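Peer 1: After the structure tokens below, expect a handful of questions from me.
The values are calculated or read from the model by the stated rules, or taken from the named source; none is laboratory data. Note that the coordinates shown come from a computational prediction; the quantities given were computed from them, not determined experimentally. Note that each Cβ is placed from the backbone with ideal geometry, even for glycine, and that neighbours are counted across all protein chains shown. The area values use the complete protein model at the heavy-atom level, side chains included, leaving out ligands, DNA and RNA. Shrake-Rupley method; radii C 1.70, N 1.55, O 1.52, S 1.80 Å.
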Amino acid sequence: MLVEAPPKATAPQQNMPEYDLRQIDCDPNFWYPVAWSHKVRAGKAFPTRYAGHPIALIRPEKGPVYALEDRCAHRQVPLSKGMVEGDCIKCCYHGWAFDRAGRCVTVPYLNREDVGRPVKAYPCREKSGLIFIFPGDPALADTVPVPDIAQVGNPEFKTRQFGPRLKCHYTFMHENLMDMNHQFLHRRQMGSITARFMGQDKGENFLEARYSFARKGGNQPLAEALIFGKHRDLEGREQPVEEIVSIRTTYPYQTLKIHDKDGDLIMDLWVCYTPLGSDQFGTQAFGLLSVKKPKWGFLLDLAWPALGLFTHRIFEEDREIVELEQKAWREQGGDHNIEVFPIVKALRSLLARHGVPNKAATPRQEG
């Protein structure tokens with residue numbers, strides 16, 4: 001079944017989304033990660049999903065991975081339970097065989113090539129340890145670039161993967177990362193710090209906000225010092241700008257980059273929030289975090305477990321809060337958020353403008 005894109009939302013006066021933002025689906029005409037490369041082994045099939053659509057990823061012993069609808073055209077059982085033979089996947093039930101284009105090439109008990117119906121094939125690419133599909137119009141796939149991801153492959157950086165599932169709409173995740181004013185949430189992990197807004201850039205398909213941080217009290221965690229450098233409470237005195245944190249949504253992806261006071265990149269985060277479920281009220285995050293290696297690289301290796309634990313704790317606090325936001329949306333029957341930060345208002349407009357209203361979307365006006 002083709003994932004069709006409904007008419008896009010329009011932004012009325014004062015950049016107010018016309019629809020409830022949590023009823024606006026991702027535009028399918030982009031490359032979305034659906035699995036880590038290492039999960040799809042040679043000669044095997046792997047089940048995954050995009051927005052309620054079952055996908056089978058097949059990696060032959062030779063040749064690139066490909067993606068088919070995870071339903072045999074015969075009895076609709078998952079192709080991912082089948083057997084990979086040569087460049088084809090054979091259904092586990094009756095042995096119908098499908099090639100990478102989704103054509104049924106064999107119905108074994110009829111010995112004819114023109115009997116079985118095809119299944120949908122998705123454009124598929126593999127890059128930076130991720131497998132992407134293009135769930136929208138296949139004719140557009142070659143015109144849309146697969147995104148560049150953090151510093152994967154750059155020997156000057158060390159990169160880790162993270163891929164949690166969240167019970168919330170993808171738009172909550174964009175808002176959470178873009179708005180650095182929520183550092184109060186992380187006070188147990190990071191002590192008392194204050195985000196300082198340093199400016200913004202925006203265009204038709206992107207929004208970037210820049211921040212620096214000032215420590216107002218509490219001890220700085222080792223992992224934070226490793227990323228940001230040492231921050232001290234100057235007891236009321238104005239603190240210098242030691243780094244710039246740039247958060248950017250370039251639809252539909254999001255990045256966070258940290259540059260030190262000399263302008264050198266010291267951390268690079270890339271993340272995509274792939275929607276799950278037909279209502280897209282679930283999200284599979286695919287993220288890669290690259291940290292610049294110090295002169296003595298083994299120091300980063302030694303601190304790597306602590307850095308992983310630190311980022312995990314931060315994310316778990318974020319997970320709890322965005323899932324509570326989603327819970328409130330369900331209980332209140334819609335989006336009652338009162339947003340006052342101009343950056344988040346602009347972000348919401350961007351997401352509404354580039355997303356597509358789902359079948360349940362109803363026109364609204366934000367207060």
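Peer 1: Hey, any hits in the stretch 134-154 for a residue that's of a type outside the set (Val, Ile, Thr) and part of a strand (DSSP E or B)?
Peer 2: No; the residues of the stretch 134-154 include none that is of a type outside the set (Val, Ile, Thr) and part of a strand (DSSP E or B).
Peer 1: Within the stretch 102-117, can one find any residue that is in contact (Cβ under 8 Å) with a residue 12 or more places away in the chain, surrounded by 20 or more Cβ atoms within 10 Å (Cβ to Cβ) and closer than 20 Å to GLY355 by Cβ?
Peer 2: Within the stretch 102-117 (the criterion being in contact (Cβ under 8 Å) with a residue 12 or more places away in the chain, surrounded by 20 or more Cβ atoms within 10 Å (Cβ to Cβ) and closer than 20 Å to GLY355 by Cβ), the answer is no, since none of the residues qualifies.
Peer 1: I would also like to ask the following. Take ARG165 and tell me if it is touching a strand residue (DSSP E or B) at 6+ places or on another chain (Cβ under 7 Å) and exposed (fewer than 15 other Cβ atoms within 10 Å of the Cβ). Give the steps one after another, and end with the answer.
Peer 2: Working: touching a strand residue (DSSP E or B) at 6+ places or on another chain (Cβ under 7 Å): yes; exposed (fewer than 15 other Cβ atoms within 10 Å of the Cβ): yes.
Yes.
Peer 1: Let me ask another. Between a residue in the stretch 343-365 that is within 14 Å of ASP201 (Cα to Cα) and any residue that is assigned to a strand (DSSP E or B) and open to solvent by 30 Å² or more (accessible area, probe 1.4 Å), which pairs come within a Cβ distance under 8 Å, given they are 6 or more apart or on different chains?
Peer 2: Qualifying pairs under 8 Å: ILE343/PHE197; ILE343/GLN200; ALA346/GLN200; ALA346/LYS202; LEU350/LYS202; LEU350/PHE206.
Peer 1: Another question, then. Based on what the data block shows, is ASN205 within 22 Å of ARG22 (Cβ to Cβ), modelled with pLDDT under 90 and either open to solvent by 20 Å² or more (accessible area, probe 1.4 Å) or among the acidic types (Asp, Glu) (or both)?
Peer 2: Considered against the rule, which asks whether it is within 22 Å of ARG22 (Cβ to Cβ), modelled with pLDDT under 90 and either open to solvent by 20 Å² or more (accessible area, probe 1.4 Å) or among the acidic types (Asp, Glu) (or both), ASN205 comes out as no.
Peer 1: Just for the stretch 28-44: of the residues that are aromatic (Phe, Trp, Tyr) and in a strand (DSSP E or B), which one is most open to solvent (accessible area, probe 1.4 Å)?
Peer 2: Top of the filtered list is TRP36.
Peer 1: I'd like the residue in the stretch 118-128 that is touching a residue at least 60 places away in the same chain (Cβ under 8 Å) and outside any loop (DSSP other than H, G, I, E, B) and, out of all such residues, is farthest from the chain's Cα centre (by Cα).
Peer 2: By that ranking, first place goes to TYR122.
Peer 1: Also, I was wondering about something else. So, of the residues in the stretch 1-19 that are assigned to a loop (DSSP other than H, G, I, E, B) and buried (at least 20 other Cβ atoms within 10 Å of the Cβ), which turns out to be modelled with the lowest pLDDT?
Peer 2: Among them, the one singled out is ALA9.
Peer 1: Does ALA328 satisfy being without any contact (Cβ under 8 Å) to a residue 40 or more places away in the chain, open to solvent by less than 50 Å² (accessible area, probe 1.4 Å) and either assigned to a loop (DSSP other than H, G, I, E, B) or in the same structural domain as GLY277 (by the TED database) (or both)? Walk me through it before giving the result.
Peer 2: Details: without any contact (Cβ under 8 Å) to a residue 40 or more places away in the chain: yes; open to solvent by less than 50 Å² (accessible area, probe 1.4 Å): yes; either assigned to a loop (DSSP other than H, G, I, E, B) or in the same structural domain as GLY277 (by the TED database) (or both): yes.
When the stated conditions are applied, ALA328 passes them.
Peer 1: Pick from LEU289, LEU265, LEU307, LEU276: which is under 16 Å from the mean Cα position of the chain (by Cα) and within 26 Å of ARG196 (Cβ to Cβ)? Don't jump to the end; show me each part of the working.
Peer 2: Details: LEU265 fails: under 16 Å from the mean Cα position of the chain (by Cα); LEU307 fails: under 16 Å from the mean Cα position of the chain (by Cα); LEU276 fails: within 26 Å of ARG196 (Cβ to Cβ).
Only one candidate passes the filter, namely LEU289.
Peer 1: Let me ask another. All but one of (1) among the aliphatic types (A, V, I, L, M); (2) at pLDDT 95 or above; (3) assigned to a loop (DSSP other than H, G, I, E, B) hold for ILE131; state the number of the condition that does not hold.
Peer 2: (3)
Rundown of residues vs (1) closer than 28 Å to GLU243 by Cα; (2) in contact with an Asp or Glu (Cβ under 9 Å, 6 or more places away or on another chain); (3) open to solvent by less than 30 Å² (accessible area, probe 1.4 Å), yes/no style:
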{"residue": "ASP264", "(1), (2), (3)": "yes, no, no"}
{"residue": "GLN284", "(1), (2), (3)": "no, no, yes"}
{"residue": "PHE298", "(1), (2), (3)": "yes, no, no"}
{"residue": "ALA306", "(1), (2), (3)": "yes, no, no"}
{"residue": "ILE343", "(1), (2), (3)": "yes, yes, yes"}
{"residue": "ARG348", "(1), (2), (3)": "yes, yes, yes"}
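Peer 1: Follow-up question, since we're still on this one. Can you go through ASP137, ASP148, ASP99 and tell me which one is exposed (fewer than 15 other Cβ atoms within 10 Å of the Cβ), on the phi < 0 side of the Ramachandran plot and not small (Gly, Ala, Ser)?
Peer 2: On the way: ASP137 fails: exposed (fewer than 15 other Cβ atoms within 10 Å of the Cβ); ASP99 fails: exposed (fewer than 15 other Cβ atoms within 10 Å of the Cβ).
After applying the criteria, what remains is ASP148.
Peer 1: Right, another one. Taking the stretch 182-201 as the region of interest, how many residues are within 29 Å of LEU276 (Cβ to Cβ) and modelled with pLDDT of 85 or more?
Peer 2: Going through the stretch 182-201 one residue at a time, the tally reaches 0.
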